[in-house]
1. Would you confirm whether any residue within the range 325-335 is part of a helix (DSSP H, G or I) and among the small types (Gly, Ala, Ser)?
2. Report, by residue number, each residue of the range 157-172 that is within 16 Å of the ligand (Cβ to nearest atom) and over 30 Å from LEU367 (Cβ atoms).
3. Going by the conditions given, is THR214 within 16 Å of the ligand (Cβ to nearest atom), buried (at least 20 other Cβ atoms within 10 Å of the Cβ) and either under 16 Å from the mean Cα position of the chain (by Cα) or farther than 30 Å from VAL292 by Cα (or both)?
4. Test LEU23 against the criterion of being in a helix (DSSP H, G or I), under 25 Å from the mean Cα position of the chain (by Cα) and among the aliphatic types (A, V, I, L, M), and give yes or no.
5. What do you reckon, is PHE189 surrounded by fewer than 24 Cβ atoms within 10 Å (Cβ to Cβ) and closer than 14 Å to PHE117 by Cα?
6. Restricting attention to the range 302-344, which residues are touching a His at 6+ places or on another chain (Cβ under 9 Å) and on the phi > 0 side of the Ramachandran plot?
7. Restricting the search to the range 89-140, which residues are assigned to a helix (DSSP H, G or I), of a type in the set (S, T, N, Q) and more than 11 Å from the ligand (Cβ to nearest atom)?
Amino acid sequence: MDFDKVINRLDTHSLKWDMMESLFGVSPKNGISMWVADMDFPPPEAVTGAVKTMLANQVMGYYGDDRSYKQAIINWMSKRHGWQVEPEWIFTTHGLVNAFALCIQTFTEKNDGVIIFTPVYHMFAKTIKAAERQVISSELVNNNGRYEMDLEALEASLTGNETMMLFCSPHNPSGRVWTAQELKSVAEFCQKHNLLLVSDEIHHDLVFGGNQHTIMSLAAPEHSARTIILTAATKTFNLAASLTGNVIIADPALRAQYAKSAAGLGIAGNAFGMNMVEAAYKHGEKWLEECVAYIDGNRKIFDEALNQIPGVVSMKLDSTYLAWVDFSGTGMSREEIAKRVQIKAEIAASPGLQYSKETGLFLRFNLACSRKVVIEATERLKLAFADLQ
Ligand SMILES: Cc1ncc(COP(=O)(O)O)c(C=O)c1O
């Protein structure tokens, strides 16, 4: 795959490119879009091939017989993550936001507390609030550029009203891959406080630098009766348009409860999405390895350049393609930082305030694009903050 190739995504209903002017005031004429988490790369050829086959078949009817689809997921989980999944554990959803929203609706009651570790993917809090549950935020501790959980502080703050923890592993926005020991502590915490543990592992294939992602159920198999794992091929292979994800539930009682809720809402898989996912899992491994190596290269270039700007720190990623950059050392206000990035550098990046009220001076930059675009972005950022040199 030629990851260097720049593909013009304008006028394709691309959220990332076609909305950047209205959302960030950055004109696509000269702007660089580095916000929402999709890649500017085409997926593995087998994926486009699967869609072409659907088109060649002409008739766009209902999807049926999901055995090969589930088997492709099972094989991937076994080979890439050492996790043995049974077909009946897998439920298909319209993406992972839909997946955790369904879990919240199914397993908690109105006004229950749902714990999240902030900063975190903004749709966690948004979905919890929309369901009229309470967001219980536990702020991660930035220990020399590396986030850590403070379970003691979280424990001290509990009221007994909490019934679920929604966990992000690997972590978006910092890219942190949690160690097996950290995951075990989280599962034990949930056991101790009678919380259902929902682990969103959408970024789990995009890991580099010798880091090892551990599926929550493998880190704490003794707690799998209260654990639900959310996975998808959509971040791995850049298939956001397929809006297809999995809720994987090993425990039969939880499964029955979930099945009832999903049936009540008429949740069914989408044929385009399921065919894309199956093709990607079956034939996309080489593409993924090349992609991860490419992103790792982009990450190094970006970090090296950004970390030279006085007061700016780009957190070292273990995974994901989302650089998490702390501008607080510049002494500038949030407005001034945004002005320099959006107006001077003409770059659209995700605002840190989305992820936590404590991270207003951070921005998240999407590095899944051609290397020349990353280099251009770093040049522009260096220029935008040149007075600090
Ligand atoms: C942790 C996490 N979960 C879910 C999603 C979105 O999933 P989907 O597009 O399948 O709804 C994202 C997207 O960035 C994410 O970072």
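1. Pass one, the range 325-335, residues part of a helix (DSSP H, G or I): 328-330, 334-335.
Next, from what is left, pick out any that are among the small types (Gly, Ala, Ser): 328-329.
Yes; the residues of the range 325-335 include at least one that is part of a helix (DSSP H, G or I) and among the small types (Gly, Ala, Ser).
2. We begin by selecting, within the range 157-172, every residue within 16 Å of the ligand (Cβ to nearest atom); these are 164-172.
Residue satisfying the conditions is MET164 alone.
3. Values: within 16 Å of the ligand (Cβ to nearest atom): no; buried (at least 20 other Cβ atoms within 10 Å of the Cβ): yes; either under 16 Å from the mean Cα position of the chain (by Cα) or farther than 30 Å from VAL292 by Cα (or both): yes.
No, not satisfied.
4. Details: in a helix (DSSP H, G or I): yes; under 25 Å from the mean Cα position of the chain (by Cα): yes; among the aliphatic types (A, V, I, L, M): yes.
For LEU23, the condition - in a helix (DSSP H, G or I), under 25 Å from the mean Cα position of the chain (by Cα) and among the aliphatic types (A, V, I, L, M) - is met.
5. On the way: surrounded by fewer than 24 Cβ atoms within 10 Å (Cβ to Cβ): yes; closer than 14 Å to PHE117 by Cα: yes.
Against the criterion (surrounded by fewer than 24 Cβ atoms within 10 Å (Cβ to Cβ) and closer than 14 Å to PHE117 by Cα), PHE189 qualifies.
6. THR320
7. Taking the range 89-140 first, the residues assigned to a helix (DSSP H, G or I) are 89, 96-107, 123-130.
From what's left, of a type in the set (S, T, N, Q): 98, 105-106, 127.
Across the range 89-140, the qualifying residues are GLN105, THR106.
Every residue, every condition in (1) outside the structural domain of ILE73 (by TED's automatic domain parsing); (2) over 21 Å from GLU86 (Cβ atoms); (3) surrounded by fewer than 23 Cβ atoms within 10 Å (Cβ to Cβ); (4) touching a Lys or Arg at 6+ places or on another chain (Cβ under 7 Å), yes or no:
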position: ILE228; (1), (2), (3), (4): no, no, no, no
position: ALA233; (1), (2), (3), (4): no, no, no, no
position: THR236; (1), (2), (3), (4): no, yes, no, no
position: LEU239; (1), (2), (3), (4): no, yes, no, no
position: THR244; (1), (2), (3), (4): no, no, no, no
position: ALA250; (1), (2), (3), (4): no, no, yes, no
position: ALA253; (1), (2), (3), (4): no, no, yes, no
position: ALA256; (1), (2), (3), (4): no, no, yes, no
position: ALA263; (1), (2), (3), (4): no, no, yes, no
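The values are calculated or read from the model by the stated rules, or taken from the named source; none is laboratory data. Remember, it's a predicted structure, so these values are computed and weren't measured experimentally. Note that each Cβ is placed from the backbone with ideal geometry, even for glycine, and that neighbours are counted across all protein chains shown.
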